[in-house]
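The values are calculated or read from the model by the stated rules, or taken from the named source; none is laboratory data. Worth saying up front: this structure is predicted, and the values here are computed from it rather than measured. Counting neighbours? That spans all protein chains shown, and the Cβs are built from the backbone with ideal geometry, glycine included. When the accessible area is computed, the model is the full protein with side chains, heavy atoms only, and any ligands, DNA or RNA have been set aside. Shrake-Rupley method; radii C 1.70, N 1.55, O 1.52, S 1.80 Å.
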Amino acid sequence: MAAIASPNLVRLKRIANGLVTTAITLLGLVALTFFIGRVIPIDPVLSIVGEKATPEAYDKVFYELGLDKPVWEQFTSYTLKLLQGDFGTSFTTTRPVLTDLLSFFPATLELATLGLVLGVVLGIPAGVASAYWHDKWPDHLIRIIGLIGYSVPIFWLGLVGLYVFYYKLSWVAGPGQLDVFYVGVVKPITNSILIDSLLRGEWEVFWNAVSHIILPVCLIGYFSMAYLSRMTRSLMLDQLTQEYVLTARLKGASELEVVLGHALRNAAIPLVTIIALSYGGLLEGSVLIETVFGWPGIGNYIASSLFRGDINAVLGGTFLVGAIFILLNQLSDVLYATLDPRTREASK
Amino acid sequence: MKLMRTLTAALLGMTMLTGVTYAATPANTLVIADALDDIITLDPGEVGEVGGIMAAKQIYQTLIAPDVKDPTKIYGVLAESWTVSEDGKTFTFKMNPAAKFASGNPVTAHDAEFSLRRVVKMASRSAFLLTQLGLSAENVEERIKATDDATLVFEIGEPYAESFVLYALSSHSGGIVDSKLVMENEVDGDMGNAWLKQANSAGSGPYVLGTWTPKQSIMLNRNENFWQEAPAMERIFFQHVPESAAQRLLLEKGDIDIANKLGADDHASIAGNADVKTLDGSSGVIYYFGLNVRNEALSKPDFVKAMKYLVDYEGIEQTIGQGTIKTHQTFVPEGFLGAIDHNPYSLDIEKAKELIASSGVQTPVKLDAVVWNTPPYTDFAQAAQATMAQAGVELNLLVVDGQQWLERYRSADLDIWVGLWGPDYPDPHSNAKAFAVNSEDTPDGSSSLADRFGWDAGDISPRTMAALRENDNEKRRQMYEEIQLEHTDISPFLYMFQEVRRVAVRANVENLELGLTLSDDRYWKATKN
């Protein structure tokens, strides 16, 4: 029998495995989106030159885009460029797609991250409470709140939210990321207005940005709270009926210890994956929320590029979203290993 | 639960703290909400989208421009005066010596020569505005010439109506750029296209480009070197707000000055607000159903006519339009030369049934109608579907996104297209060419709407081209009137409505001049008090 591999070697092997899987998945993603982009009934040349262009104008762009070459050659050259970080140029923004992604994604990142934090902070305690007081009034109340968040269309909530909190009560600012007064005041560093205004010490801009972002964040937070509380509730219900909970209680553990220390700890493992995937979903950008709030996020970017047949932008955006999902999946695997001793054992 | 309560309290507290409201937009800035995600360039040599033209119009000036109040009057902007040769083929423009660019360079005939040649040579999406005058990359050096700093000689291929040529030159493609500045920034023979496309401007107009953040906003700053009366507003800020309801809230709250894209519902709901007002402008946009005569049933003239009696024009105008459209059943939009008030069709099921019977088409007939998945197209299509069904015509609505909608009509594999046509310049030919001319008659051979729907316009086509060459405005008007009467009667175009251009503005915005087409608004005259 071969000598037992050292733990370091095992870890290295696992990382290498992960990298290879990630690379293959990404390549598959690129191939899939590329070929879908080629079969959809949209003529990318006409999207650029428009309805009334002359045949010369059409041909010029046709050759510029390399559409005269065979599809496999287009794909190879696209993939090779991609490896060098070149996503091509978006014709709707006239900028490199990478520049676009770096400018639109931070807006979504802010929304999604803050929204998710809010969702986790509210949703998990709500789910735990709901399961603990199963079928009593707190459970009913939390489930009704969750049901509304989950079933009412989010753009409608957005418009109602704007009407009440912006128009009627003036608690928050309206659609857009900043008031006109503050546009262009802060020189971008990360392209996230919240972070950049903090880094530059522009407090007025920062607070204005906060007053703009707070409503969409609350809506996204509410939406993910609704989802997470339902998932937490069912996971917790599962745990609370297990024998080890009874044992713990018999041993005299306090209720807090039983619920949070034992049941929630076990429920947390599948919850991590759920949270990671729902974060991924939020990072894809919520087109509806972004449209209602005039938010320059990645969801709007991909959707409007798609409507205009801006294939490079769509491919770039899809690649980014796909990469995020893969990354989050890997991350939740790592967290799994930390949280669940069994997976640690198994890997040895 | 205590935690929840604390959190809620904290959140509420935070919103209150940050809830700083600004009751008004900056006094020196005109803030306009619009949908900006269609803009792909601001270079006047290639700009073509509504939003792009709108911004470019504030930056670049043309040789001449039509008067908004009376489009038949044309006045000089960068050109001081002009003459037309006897044969109608040579236009000679005298440049205004006072005109200068934002850079400080004087505007000369050489700049005009450069700019107009540039449009043709770049062969962009907007080049047709000049190539339809018989210009091509091969002959442009000969036909557009600056004989000295003050004189531009512009020759066209055939003698067209003077007004038509001038309208074409007054369109967005006729914007004059600072040739010196542009050529300093040329890369790989692109005539400054990359430089002008997004980040820079080189015009002589009231504003210069500040920043354009694609799909987000455009900031225009006052041209401090402007050679005419300086605009009151220091800045114009276009903000991307695609949603009508959001635009309405922003306007009512005072966070924007102008809402360009309000739907009918939102117009109705701001009617009672004294802080806002609406302006009605002209829009040449015509909504129509294009009937493809390649379809068996639609090839029968009586059946086509029956279809025209199967739309409840009045009902749609009132319930769906609510003031944003009016019934218009000819191809020249109201406000243009040759427009007539001629709406012969109204909903008449019995008459339609008779016509269908005489056409020999057996009902029920199934027809595929391609509809853009956005109002008002979907609303129009559904309303027509209901009334057409009463005469045994079943419309199968294929509701698709904008790209597919255009694709389907280009490939002509449809029965009915629910469409619109917006003129590019305020001359009747902009529409006449599309609806009434077959491609063999056009100098550049481009396919027209008549071709797309398989219709042989017969002698209407050469007559329309003759109207284009008529230099006597009164005669020209008569020719269009006659053509339209016949065209509305026999063509496979079911004209329904002309759009009423309606813009909502804050009550303190004055002197805003809406243009003749969708993207022709002149913001430099606006003031706020």
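Numbers at a glance
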quantity: Residue check, B:S244 farther than 17 Å from B:E49 by Cβ, polar (S, T, N, Q) and open to solvent by less than 30 Å² (accessible area, probe 1.4 Å); calculated: yes
quantity: Filtered residues of region B:381-428 (kept if under 30 Å from B:V68 (Cα atoms) and either open to solvent by 10 Å² or more (accessible area, probe 1.4 Å) or not in a loop (DSSP other than H, G, I, E, B) (or both)); calculated: B:V418, B:G419, B:L420, B:W421, B:G422, B:P423, B:D424, B:P426, B:P428
quantity: Subset of region A:57-68 [surrounded by 13 or more Cβ atoms within 10 Å (Cβ to Cβ) and at pLDDT 75 or above]; calculated: A:Y58, A:D59, A:K60, A:V61, A:F62, A:L65, A:L67
quantity: Matching option when the condition is facing chain B (nearest Cβ under 9 Å), closer than 26 Å to B:A412 by Cα, in a helix (DSSP H, G or I) and of a type in the set (S, T, N, Q), among A:S47, A:S103; calculated: A:S47
quantity: Verdict on B:D255 being surrounded by 22 or more Cβ atoms within 10 Å (Cβ to Cβ), more than 24 Å from B:V68 (Cβ to Cβ) and in contact with a Ser or Thr (Cβ under 7 Å, 6 or more places away or on another chain); calculated: yes
quantity: Residues within region B:195-232 that are closer than 18 Å to B:V509 by Cβ, touching a Leu at 6+ places or on another chain (Cβ under 8 Å) and at pLDDT below 95, tallied; calculated: 0
quantity: Members of region B:137-188 that are touching a Pro at 6+ places or on another chain (Cβ under 9 Å), open to solvent by 10 Å² or more (accessible area, probe 1.4 Å) and hydrophobic (A, V, I, L, M, F, W, C); calculated: B:A150
quantity: Qualifying positions in region A:84-107 - open to solvent by 60 Å² or more (accessible area, probe 1.4 Å), aliphatic (A, V, I, L, M) and under 15 Å from B:K215 (Cα atoms); calculated: A:L102
quantity: Subset of region B:210-222 (residues that are open to solvent by 20 Å² or more (accessible area, probe 1.4 Å) and more than 9 Å from chain A (Cβ to nearest Cβ)); calculated: B:N221, B:R222
quantity: Candidates B:E184, B:E86, B:E138, B:E80, filtered to the one that is closer than 21 Å to A:D59 by Cα, free of Cβ contacts under 8 Å to residues at least 60 places away in the same chain and of a type outside the set (G, A, S); calculated: B:E138
quantity: B:E158 vs. criteria touching a residue at least 60 places away in the same chain (Cβ under 8 Å), among the charged types (D, E, K, R) and in a loop (DSSP other than H, G, I, E, B); calculated: yes
quantity: Residue ranges of helices (runs of 4 or more DSSP H) in region A:282-348 with at least 3 members at pLDDT below 85 and in contact with a strand residue (DSSP E or B) (Cβ under 7 Å, 6 or more places away or on another chain); calculated: none
quantity: Residue count, region A:260-278 (criterion: touching an Asp or Glu at 6+ places or on another chain (Cβ under 8 Å) and either of a type in the set (V, I, T) or touching a residue at least 60 places away in the same chain (Cβ under 8 Å) (or both)); calculated: 1
quantity: Some residue of region A:77-91 being within 12 Å of chain B (Cβ to nearest Cβ) and either in a loop (DSSP other than H, G, I, E, B) or over 17 Å from A:G37 (Cβ atoms) (or both); calculated: yes
quantity: Failed item in (1) among the aliphatic types (A, V, I, L, M); (2) within 26 Å of B:Q382 (Cα to Cα); (3) within 23 Å of the chain's Cα centre (by Cα), with B:A259 passing the rest; calculated: (2)
quantity: The lone exception for B:S126 - which of (1) of a type outside the set (F, W, Y); (2) closer than 19 Å to B:V165 by Cα; (3) more than 14 Å from chain A (Cβ to nearest Cβ) it fails; calculated: (3)
quantity: Some residue of region A:324-343 being in contact with a Leu (Cβ under 7 Å, 6 or more places away or on another chain), closer than 30 Å to B:Q404 by Cβ and more than 14 Å from chain B (Cβ to nearest Cβ); calculated: yes
quantity: Residue within region B:95-107 that is under 24 Å from B:F336 (Cβ atoms) and either in contact with a Lys or Arg (Cβ under 6 Å, 6 or more places away or on another chain) or open to solvent by less than 40 Å² (accessible area, probe 1.4 Å) (or both) present; calculated: no
quantity: Residue count, region B:347-377 (criterion: part of a loop (DSSP other than H, G, I, E, B) and within 37 Å of the chain's Cα centre (by Cα)); calculated: 6
quantity: Check on B:L133, outside any helix (DSSP H, G or I) and open to solvent by less than 10 Å² (accessible area, probe 1.4 Å); calculated: yes
quantity: Among the residues listed as A:V128, A:V117, the single one being of a type in the set (A, V, I, L, M, F, W, C), closer than 28 Å to A:L256 by Cα and crowded, with 20+ Cβ neighbours inside 10 Å; calculated: A:V128
quantity: B:A232 vs. criteria surrounded by fewer than 24 Cβ atoms within 10 Å (Cβ to Cβ), within 14 Å of chain A (Cβ to nearest Cβ), of a type in the set (A, V, I, L, M) and under 30 Å from A:D179 (Cα atoms); calculated: no
quantity: Selected residue (only one of B:V177, B:V208, B:V182 is in a strand (DSSP E or B) and touching a helix residue (DSSP H, G or I) at 6+ places or on another chain (Cβ under 8 Å)); calculated: B:V208
quantity: Test: residue in region A:133-152 that is open to solvent by less than 80 Å² (accessible area, probe 1.4 Å) and within 29 Å of A:D100 (Cβ to Cβ); calculated: no
quantity: Candidates B:S461, B:S447 - the one that is part of a loop (DSSP other than H, G, I, E, B) and polar (S, T, N, Q); calculated: B:S447
quantity: Residue that is farthest from B:Q247 (Cα to Cα), among those in region A:283-296 that are more than 10 Å from every other protein chain (Cβ to nearest Cβ) and crowded, with 22+ Cβ neighbours inside 10 Å; calculated: A:L283
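For (1) in a helix (DSSP H, G or I); (2) within 10 Å of another protein chain (Cβ to nearest Cβ), each residue gets a yes or a no:
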{"site": "A:S130", "(1), (2)": "yes, no"}
{"site": "A:I142", "(1), (2)": "yes, yes"}
{"site": "A:Y166", "(1), (2)": "yes, yes"}
{"site": "A:S170", "(1), (2)": "no, yes"}
{"site": "A:A173", "(1), (2)": "no, yes"}
{"site": "A:F181", "(1), (2)": "yes, yes"}
{"site": "A:V185", "(1), (2)": "no, no"}
{"site": "A:D196", "(1), (2)": "yes, no"}
{"site": "A:G201", "(1), (2)": "no, no"}
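Each row is one residue, and each column tells you yes or no for (1) in a loop (DSSP other than H, G, I, E, B); (2) out of contact with any Lys or Arg (no Cβ under 6 Å at 6 or more places or on another chain); (3) closer than 30 Å to B:S346 by Cα; (4) hydroxyl-bearing (S, T, Y).
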| site | (1), (2), (3), (4) |
| --- | --- |
| B:F238 | no, yes, no, no |
| B:D255 | yes, yes, no, no |
| B:K261 | yes, yes, yes, no |
| B:D265 | no, yes, yes, no |
| B:G290 | no, yes, yes, no |
| B:V304 | no, yes, yes, no |
